[in-house]
Protein chains: 2
Amino acid sequence: MEKRPNDTIEMLRAEFANVRKTAIVGHLHPDGDCISSCLALYHYLKDNYGYEADVYLEPYPSVFDMLPDTAVIRHTVKPEVYDVVYSLDCADLDRIGAGKELFDSAKKRVMIDHHISNPVFGDVNYVKGEIGSACEVLYTLFEEDKINYNVAMCLYTGMVHDTGVFQYSNVTPDTLTRAAKLIAFGIPFTDLIQKTFYEKSFNETRASAYAISKAAQLLDGFFVWSYMETKEMERFHITSAELDSVVSELRNIRGVDTAVFLYEIESGVWKCSFRSNHVVNVSELAVSFGGGGHVRASGCTFYHKKPDEIITEIVNRIPKEDYAGRAL
Amino acid sequence: MEKRPNDTIEMLRAEFANVRKTAIVGHLHPDGDCISSCLALYHYLKDNYGYEADVYLEPYPSVFDMLPDTAVIRHTVKPEVYDVVYSLDCADLDRIGAGKELFDSAKKRVMIDHHISNPVFGDVNYVKGEIGSACEVLYTLFEEDKINYNVAMCLYTGMVHDTGVFQYSNVTPDTLTRAAKLIAFGIPFTDLIQKTFYEKSFNETRASAYAISKAAQLLDGFFVWSYMETKEMERFHITSAELDSVVSELRNIRGVDTAVFLYEIESGVWKCSFRSNHVVNVSELAVSFGGGGHVRASGCTFYHKKPDEIITEIVNRIPKEDYAGRAL
């Protein structure tokens, strides 16, 4: 598909104002920004233009039910041809989740995203790779005087999730200024952060903590790692999906550049999550083991090896100049 | 001491402009907001009015050495009579740390704070109980065009620390707007948050995680607790001061209202930290055991009891209507 330039804010706003049979779709495994951006657009259209869009998302963590009117979200597709379908926060046509066929069959496809890698796959497109979240992109598209309490709750939540609560380098002065205007609506921002971002279940908390308590250091603390076996997950009554936060917490250990967490998905098969702070390119590291990802966050899979054998292989592949020339 | 009204911004600004022998003091056990506010004022005076104030603070965590020019901070007092001494972030005259006698003997004492309980103990006073941090109070006092990179780094860091990275209910739209202007100076805000707020040492991380992995629930998950014995701390090579984050993390467990962490400071003597989210008044709870604190964060000490005996006593003292009428 030929890459085409972004359309203008005016074009997008004209689309919003255009009352037709409308749906909104997100991406596979919807995360905070995805769910929030879909609901933000839903409320914006309904409250300002008086029409309800059908929202299609795969099942998502129940904590997001504190967002307004999540009951409208559909997980299964009704066989319709929509006049317009909005794709939000989705970097790739293949990654649209529930509602993908509706997007494909829509009379007009509108794509709004913030992933710089987005190949621009809509009929109307708005991709802002320099903006930290899909919700913040929507903020720039929405007319400020048309944002209300419900829209603000959604936009704020997405911005929190894709910025690690205003920490990541994708936060700009505009991000914080926009967040300021959103909390001025009196939204329960303290609870939104705690309940959708920080809160974990009892089992998840104990299991993650257990994994972290087993952490070990190598390379004078430049490298830290831990692992969890299937039988340990069973003991804590959790699945590997509930161990997401472990590798990020390992990365927060003072002096650490590279953090690795291994979790066993079936006997002898280990998923490996890599994170780094400043030095090691963990995308290259993961690719060298048949995986992939980003410079600071990546992953791969190992078969029929033990954790300490895997770690030895990984450590041996860390460039000596990275470790020796570290600037932590 | 008679409580006197706050002085005006103009009076405070006149003090800043007044070049005299000047010192700055904070409070006992200086935290992020205390250290940052003292350094922010130091840089503001030096860069705009060309005079160096002597900064007196007790020893503080070394992570704050990433703030500009911490080398000027003195831990021991030189016997001087200062023309003016600024007390920053200190809620009570008795809680001034290093430099207290200098404050007492100063020709003029200027007090700037954000604690609503502050009895107003200076000759010139500026207490804003509705503002979330001493650094944000300074922001309102400083002239915006006199804030520079170094001042911005300090103000931002203090605001981050006293708001739990923009999460607590003391965050206002103004807080975020001010933070936006501060990061516009190009300060390393991502690192400031990670290194001064989230980062823990390897031992601290493993020990805290171990304590959390032992957590237990009571009252259908309304109450969660854990504990750590002296011998366990020794095994992890840490002191109890390095277990600060445990009780906050317990409070983040889904469904929890009240979290309790017990740590043994000497054989059979247990310090107890309480936190609650919405329901139980843990100040009353701590007071009923001879301790004290705030509605959502408090503490007390138990002697010659075992952890499970202590927890049974605490749970029995939680009002039944609190637990039964919970709205989590």
(request) Would you mind pulling out the separation of the Cα centroids of the stretch A:272-323 and the stretch B:21-78, in Å? (result) 42 Å
(request) Give the residue from A:HIS75, A:TYR49, A:ALA106 lying farthest towards the positive end of the charge dipole for the stretch A:1-160; charges sit on Cβ (+1 for Lys and Arg, -1 for Asp and Glu) and the dipole is referred to the Cα centre. (result) A:ALA106
(message) What whole-number volume per residue, in cubic angstrom, does the convex hull of the C-alpha atoms of the protein assembly as shown give?
(response) 184 Å³
(message) Quick check on the exposure proxy: order A:TRP225, B:TRP270 from fewest to most C-beta atoms within 10 angstrom.
(response) B:TRP270, A:TRP225
(request) Under a 10 Å cutoff between Cα atoms, tell me which one of B:THR163, B:THR140, B:THR301 has the largest fluctuation in the Gaussian network model of chain B. (result) B:THR301
(message) What's the magnitude of the charge dipole for the stretch B:9-198 around its Cα centre, counting Lys and Arg as +1 and Asp and Glu as -1 at the beta-carbon? Answer in Debye, nearest 20.
(response) 220 debye
(message) If neighbour count is taken as other Cβ atoms inside 10 Å, put B:MET66, A:MET233, A:MET153, B:MET159 in order from fewest to most.
(response) B:MET66, A:MET233, A:MET153, B:MET159
(message) Please report, ordered by residue number, every helix of chain A (full DSSP H runs) that is 18 Å or longer along its axis going by C-alpha atoms and whose mean Kyte-Doolittle hydropathy reaches -0.5.
(response) A:32-49, A:149-162
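Please find the FRET efficiency linking A:GLU143 to A:MET66, where r is the Cβ-Cβ separation and R0 is fixed at 35 Å, and quote it to the nearest 0.05.
The value I calculate is 0.85.
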(message) Cut-off 19 Å, label point 7 angstrom out along Cα-to-Cβ of A:ALA91: give me the residues of the stretch A:259-277 whose amide nitrogen falls inside.
(response) A:272-277
(request) Please go through the residue pairs A:LYS305/B:LYS214; B:LYS271/B:LYS306; B:LYS21/B:LYS46; A:LYS306/B:LYS214; A:LYS231/B:LYS231; A:LYS100/A:LYS128 and name each one whose alpha carbons sit more than 19 Å apart in this structure. (result) A:LYS305/B:LYS214; A:LYS306/B:LYS214; A:LYS231/B:LYS231; A:LYS100/A:LYS128
(request) Between A:ILE9 and A:LYS320, take the C-beta separation as r, use R0 = 56 Å, and let me know the FRET efficiency to the nearest 0.05. (result) 0.70
(message) Just to be sure I follow: if Rg is taken over the C-alpha atoms of chain A and Rh is the Kirkwood radius over the same atoms, what is Rg/Rh?
(response) 1.00
(request) Hey, for a label at A:ASN18 modelled as a point 7 Å past Cα toward Cβ, could you say which residues of the stretch A:121-144 have their backbone N under 15 Å away? (result) A:122-126
(message) Checking the a/c ratio against 1.5 first, then a/b against b/c, what shape does the Cα gyration tensor give for the stretch B:205-324?
(response) prolate
(request) Rank these for me by crowding, A:PHE274, A:PHE189, going from fewest to most other beta carbons within 10 Å. (result) A:PHE189, A:PHE274
(request) Determine the calculated [θ] at 222 nm for the protein assembly as shown from helices alone, applying -39500 (n - 2.57) to every DSSP H run no shorter than 4 residues and normalising by the residue count; nearest 500 deg cm²/dmol. (result) -10000 deg cm²/dmol
(request) Place a +1 charge on the Cβ of each Lys and Arg in the protein assembly as shown and a -1 charge on the Cβ of each Asp and Glu, then give the dipole magnitude about the Cα centre in debye, rounded to the nearest 20. (result) 360 debye
(request) Averaging over all projection directions, find the projected area of the Cα convex hull of the stretch B:134-288 and quote it in nm² with one decimal place. (result) 11.3 nm²
(request) Give me the distance in nm between label points sitting 7 Å out from Cα along the Cα-to-Cβ direction at A:SER248 and A:GLU52, one decimal. (result) 3.4 nm
(message) Can you compute the modelled spin-label distance between A:LYS108 and A:ASP308, with each label point 7 Å from Cα toward Cβ, in nm?
(response) 6.4 nm
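No value in this document is a laboratory result; all are computed from the given coordinates. All of these numbers come straight from a predicted model, not from anything done at the bench. All Cβ positions, glycine included, derive from the backbone under ideal geometry; neighbour counts span all protein chains shown.
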